[in-house]
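Worksheet: one structure, shown below.
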Amino acid sequence: DTEVTQTPKHLVMGMTNKKSLKCEQHMGHRAMYWYKQKAKKPPELMFVYSYEKLSINESVPSRFSPECPNSSLLNLHLHALQPEDSALYLCASSQGWGEREGRDTQYFGPGTRLTVL
Amino acid sequence: ILNVEQSPQSLHVQEGDSTNFTCSFPSSNFYALHWYRWETAKSPEALFVMTLNGDEKKKGRISATLNTKEGYSYLYIKGSQPEDSATYLCALPYNNNDMRFGAGTRLTVKP
């Protein structure tokens, strides 16, 4: 099973709402990632979890709050978002992080298309 | 800052044509290069991981080469089919396994 699943597929929310994005993998991977992708731009890294601990936070605003409840699950909690946060949010996982000098393949989910009104 | 450039931005070919596109990157501090295929409404799919100068990888009709000294990788598709239509992304790690992606080449294969 090389699948990364993400829910929901689409999400529309107002600027005062609180919502969560969910990501799950059952490949035994120890690293999980959140990326943000705007139209016609490359995916940009937001957060990295390695062994369930936050390893990287790429200067992401606090209105995005990641959580890794266990090694298979990754959440992204959203609160007080702005319209410019509308984007595709991708989750990925890899076997390790920083252990094979960048040779670990990242496996991606299909993403959640977020629209902030 | 690791700058990853892909060209062309988009490409339209006829079924049966062979095609290629480029990923360019700084040649210093090279660790690895990843190619992904991303079809609309699907997950990006890993194609190749390339690590050594002169590497050549092949998967069916798709192949890739790597030149780390001059900082580029080519992706080739032989005899393009409509199902090859997708965005092809390259990515390089810049810190542990954190990836910097290129903007992609969007390939459309017309029947």
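The values are calculated or read from the model by the stated rules, or taken from the named source; none is laboratory data. What you see is a predicted model; the values in this text were computed from it and never measured. Glycine also receives a Cβ, built like all others from the backbone with ideal geometry; neighbour counts cover every protein chain displayed.
Below, the figures for the structure above:
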{"item": "Boolean, residue A:90 is more than 21 Å from residue B:95 (Cα to Cα) and modelled with pLDDT of 90 or more", "result": "no"}
{"item": "Cβ pairs under 6 Å, 6+ apart, first in segment A:87-100 and in contact (Cβ under 8 Å) with a residue 24 or more places away in the chain and closer than 12 Å to residue A:6 by Cα, second buried (at least 18 other Cβ atoms within 10 Å of the Cβ) and basic (Lys, Arg)", "result": "A:89/A:36"}
{"item": "Contacts under 6 angstrom Cβ, first residue in segment B:58-80 being over 15 Å from residue B:19 (Cβ atoms), partner buried (at least 18 other Cβ atoms within 10 Å of the Cβ) and polar (S, T, N, Q), 6 or more apart", "result": "B:66/B:73"}
{"item": "Residues of segment A:87-105 satisfying the condition of being closer than 27 Å to residue A:15 by Cβ and surrounded by fewer than 18 Cβ atoms within 10 Å (Cβ to Cβ)", "result": "A:88"}
{"item": "Condition broken by residue B:84, with the remaining ones in (1) more than 8 Å from chain A (Cβ to nearest Cβ); (2) closer than 28 Å to residue A:96 by Cβ; (3) not hydroxyl-bearing (Ser, Thr, Tyr) satisfied", "result": "(2)"}
{"item": "Complete set of residues in segment B:64-100 that are of a type in the set (Phe, Trp, Tyr) and modelled with pLDDT under 95", "result": "B:94"}
{"item": "Extreme residue, nearest to the other protein chains (Cβ to nearest Cβ), among residues of segment A:73-86 that are buried (at least 16 other Cβ atoms within 10 Å of the Cβ) and part of a loop (DSSP other than H, G, I, E, B)", "result": "A:86"}
{"item": "Top-ranked residue of segment B:11-48 - restricted to ones that are within 10 Å of chain A (Cβ to nearest Cβ) and either more than 24 Å from residue B:108 (Cα to Cα) or of a type in the set (Ser, Thr, Tyr) (or both), ranked as surrounded by the most Cβ atoms within 10 Å (Cβ to Cβ)", "result": "B:36"}
{"item": "Which numbered condition residue A:5 fails, given (1) in contact (Cβ under 8 Å) with a residue 40 or more places away in the chain; (2) in a loop (DSSP other than H, G, I, E, B); (3) not basic (Lys, Arg)", "result": "(2)"}
{"item": "Residues located in segment B:40-58, provided they are within 29 Å of residue B:28 (Cβ to Cβ), over 13 Å from the mean Cα position of the chain (by Cα) and of a type in the set (D, E, K, R)", "result": "B:55"}
